[in-house]
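What follows is a short report on a single structure.
The values are calculated or read from the model by the stated rules, or taken from the named source; none is laboratory data. Note that this is a predicted model, so its numbers are computed, not measured. Accessible surface areas use protein heavy atoms only, side chains included; no ligands, DNA or RNA. Shrake-Rupley method; radii C 1.70, N 1.55, O 1.52, S 1.80 Å.
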Amino acid sequence: MAKIVNSNEFKEAIKEEGVVVVDFFATWCGPCKMLAPIFEELSNEMEEKTQFIKVDVDQSVDIAREYGVQSIPTMAIIKNGQPVETMVGFLPKDVIKSNIENYL
């Protein structure tokens with residue numbers, strides 16, 4: 001299950017070895033609400049391989065700014081602490097999964 005993290009938890013999560021998938025979202029965002037169940041499904045399906053976290057851009061403006069988030073939803077794939085890919089907007093589950101698998 002994907003956990004909503006604050007700034008401190010985010011920094012700890014991305015320090016770890018491996019792949020972390022971040023969903024930058026806002027509670028008022030329609031496409032974010034459409035993406036949420038897909039993100040949750042992927043987090044359950046891929047929990048052995050990667051970590052999934054969520055960042056509320058209204059609560060963690062500093063992280064959103066640091067990662068250049070200008071529109072939401074935005075998903076970032078972070079490998080070994082470094083951002084390697086950014087996906088903007090609502091995408092189908094198979095596209096998101098394929099992009100994540102490229103870094104496993």
Go through the stretch 64-78 residue by residue and turn each phi into a ³J(HN,Hα) via Karplus (6.51, -1.76, 1.60, θ = phi - 60°); whole Hz please, and just put x for glycine and proline. 4, 5, 4, 9, x, 6, 10, 9, 10, x, 10, 10, 10, 9, 10
With an 8 Å cut-off on Cα pairs and a minimum separation of 6 or more residues, tell me the relative contact order of the chain in percent. 38 percent
Quote the convex hull volume per residue of the chain, based on C-alpha atoms, as a whole number of Å³. 84 Å³
Per residue accessible area in Å² of the chain, where ligands, DNA and RNA are left out and the probe is 1.4 Å: 54 Å²
Please work out whether the stretch 34-89 counts as rounded, prolate or oblate from its C-alpha gyration tensor, where a ≥ b ≥ c are the square roots of the eigenvalues and a/c under 1.5 means rounded, while otherwise a/b larger than b/c means prolate and anything else oblate? oblate
How much accessible area does Asp56 have with a 1.4 Å probe, in Å² rounded to the nearest 10? 20 Å²
Using a 1.4 Å probe and counting only protein heavy atoms, arrange Leu91, Leu35 so the residue with the most accessible area comes first. Leu91, Leu35
Looking at the chain only, what percent of DSSP beta bridges run antiparallel? Nearest 5 please. 55 percent
May I ask you to derive the relative contact order of the stretch 18-68, considering only C-alpha pairs under 8 Å and at least 6 residues apart, and to give it as an integer percent? 51 percent
